[in-house]
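Down below is the structure, laid out as structure tokens.
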Amino acid sequence: MFRKILNNRYFITFLLLSFIITIWTLKNIYFVYELQLSPHKKFILINSTLFISIIYLSLANFKNKTRLILFGIIYSSFSLLILSDVLYERYYDSILSVYNLSQSNQVFEIFDSIASLTRTKDILYILDIILVLILYKYLNFIELPRLKKHSVVLLIPLLAILITNTLFILKSNYSTQYRVALTGVVSTHIYDVHEYVLKKLESKKYANQKIKELEIHKKFFKEQQTKQTQVAHFGNFKDANLIMIQAESFNNFLVNLKINNQEITPNLNNLIRESNYYNNIFLQIGRGNTSDAEFVANNSLIPVAPSGIYKTYPKNNYLSLANVLKKNGYITSATHGNSPSFWNRQEAYITQGFETFYHIDHKRITKDEIIGMGISDKSIFEQMSKIYKGYNSPFYSFIVTLTHHRPFDLPKKYQKLKLPNEFKGTVTGNYLQSAFYFDSALGDFINILKEEGIWDNSIFVIYGDHYGPVPSDAPEIKKLINITFDQKEMFRVPLVIHHPNQKNGKVISKLGSQLDIYPTLTSLLGIDSPLLQLGESLDTEGEGFVGFQYETTKKSFYTDKYDYVASHDGIFENGVCSHNKTKKIVNNSYCLKGYKRIVKYVEISDFILSNNVALEIITK
Ligand code: GP9
Ligand code: MN
């Protein structure tokens, strides 16, 4: 009897398929645990069963050898997809999306960054491929004639069940991590494709309906702008040059940090002593990381875009800082020492009003020193200072630095910081070493600007684009430099603004974000033409605020008094509201105002960006 069962081809097929399904299910569950969520095991098992059965049935009519090869390709591809999701999530706090397909050509450029996020245990995501292939090889020899005949008939309902099941369980306001925890990776991607198609179909209808909203938004932006005229020095620096540096991977904890009595950023610290230093500013990036930080600082809108603003809306009309200053007679330029096509900067800089883009292939830029992703910071600063000499009217120069980029590998000759032995070969050690390099490049740049007489006629701004270390570096950071690298420390970036002829420093602890950079500057420059700014001048009173659509659960926020951590299911009541000084959890009603504020900011940004109406709001 037992032997009979064992000889039954259907039973053996069932057994082997069950093994493969179990392995796939476990792999998905392992990922969920890595995300620190609890897996919905039943749903994941059902969807894994459907997924593996669908692959099995769709190959039923191929010859043995082809079938094995095809199965190998499909299973390995999906395993690599999980691994890519794991790595992407570690850096971008989200699962990959179809929108990322347009960025796949840039994988090689950021390969070093990705490689630095891999861990040895990640082998578990691909190790099973061998075992599964061995199991499948046995399965492959078993011919099930009836199944061959009916495979298509079975395939269609299974596919339909998988899709319906996915769409039934998942909701658009769930975080992508939560979607994986509920249904596994495959369904999460099915849902993503479904959202993509829906958005494409709806976008036209949406535009007509929402045009009515213009009037409401117009009023809001007018009120926002009125606030910035209340700054004591509104318009005091009319027609001053503006030099703005976006510093790569620059966390605020680097400021005034000392190791063995050596300052990590001595030049920035000096600058702070005679500038306005905003020490409570947070990132506001989306899927485009560096490029989104650029966008936010120059446009004061939330970067609501599935693949970052530069990839999703490079051709939109923007009422950006450069466009506004250009109208006021400024020469405008953006500088980024990589190739012009990298992250679509070529296109996005034109629409944002930068008349010239100085990049690695620009005829006035010499490739005299390449470090990591492009021209070294020292070289690019020096080359820009020479270009300024030719200007005879006020200018706005926006420079995005590159050398201090993950994985923070600096050539030996530039490793000038003397670090204790225990820092050797650590992420923290490399991070500090490369920050020190950036700081010395900055110091040289400031000296040149002073020598050339540009300094006193310029507003000089520097801010960090986003974090350098990632959460898994937190224990090492604690051990080596005794800094608690929690979410706030991770998201906090420095912002320093030096006014022309400013001699006295001022530390301003108002809570703000990269959204507030543009309004703070237009206030100093006394721009009174209508503007579109969600942020507020950081030199005004008022409740500090930063809300998030990316990087953490959507609609989480910090205010001066309360922090709100939104839940993965997107339901307001399920989030956690706490008093940020006492850390005591309070009733969610205290966080309702902030919640409404971030919901509104995201809605307005999405409306303006997806309908491309930045100019209409102002003119109509
Ligand atoms: C945008 C792209 C992404 O410039 O470089 O930013 P990163 O995460 O590499 O800093
Ligand atoms: Mn960056």
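For the stretch 496-526 versus the stretch 549-620, the inter-centroid distance based on Cα atoms is 24 Å. Ranked by the mean number of other Cβ atoms within 10 Å of their residues, highest first, the peptides 169-178, 140-149 come out as 169-178, 140-149.
In terms of Cα atoms, the Rg and Dmax of the stretch 2-201 work out to 17.9, 58 Å.
What net charge is computed for the residues neighbouring Phe485, neighbours being all others with C-beta under 12 Å from the C-beta of Phe485, Lys and Arg scored +1, Asp and Glu -1? With Lys, Arg at +1 and Asp, Glu at -1, the net is 0. Taken about its Cα centre, the chain carries a charge dipole of about 2180 debye when Lys and Arg each add +1 at the Cβ and Asp and Glu each add -1 at the Cβ. Label zone of Leu133 (point 7 Å out along Cα→Cβ, amide N under 17 Å): in the stretch 42-81 this covers 64-81.
Per residue, the chain reaches -15500 deg cm²/dmol at 222 nm when only DSSP H runs of four or more residues are counted, each adding -39500 (n - 2.57). Give me the percent of Cα-Cα pairs in the chain that sit more than 31 Å apart, rounded to a whole number. Value for the chain (Cα pairs over 31 Å): 55 percent. Per-peptide packing, taken as the mean over residues of other Cβ atoms within 10 Å, places 245-257, 392-404, 577-589 in the sequence 245-257, 392-404, 577-589 from highest down. Carbon-plus-sulfur accessible fraction, the chain (probe radius 1.4 Å, protein heavy atoms only): 59%.
Quick one: net charge of Pro39's neighbours, Cβ under 14 Å, K/R +1, D/E -1? In short, +3. Taking 0.36 nm per residue of separation and subtracting the current Cα-Cα distance, fully stretching the chain between Asn392 and Glu452 would add 20.3 nm. Accessible surface for the stretch 2-201, divided over its residues, is 54 Å² per residue with a 1.4 Å probe. Helix 124-141 axis versus longest C-alpha principal axis of the chain: approximately 30°, rounded to the nearest ten.
Heavy-atom accessible area with a 1.4 Å probe sorts Phe237, Phe62, largest first, into Phe62, Phe237. Protection proxy ranking for 17-24, 478-485, 370-377, using the average of other Cβ atoms within 10 Å per residue and placing the highest first: 370-377, 17-24, 478-485. All other residues whose Cβ lies under 14 angstrom from that of Ser58 are scored, Lys and Arg at +1 and Asp and Glu at -1, for a net of +2.
The values are calculated or read from the model by the stated rules, or taken from the named source; none is laboratory data. A quick note: this is a predicted structure, and the numbers were derived from the prediction, not measured. Glycine gets a Cβ as well: all are built from the backbone with ideal geometry, and neighbour counts include every protein chain shown. Side chains are part of the model used for accessible areas, which takes the heavy atoms of the whole protein and leaves out ligands, DNA and RNA. Shrake-Rupley method; radii C 1.70, N 1.55, O 1.52, S 1.80 Å.
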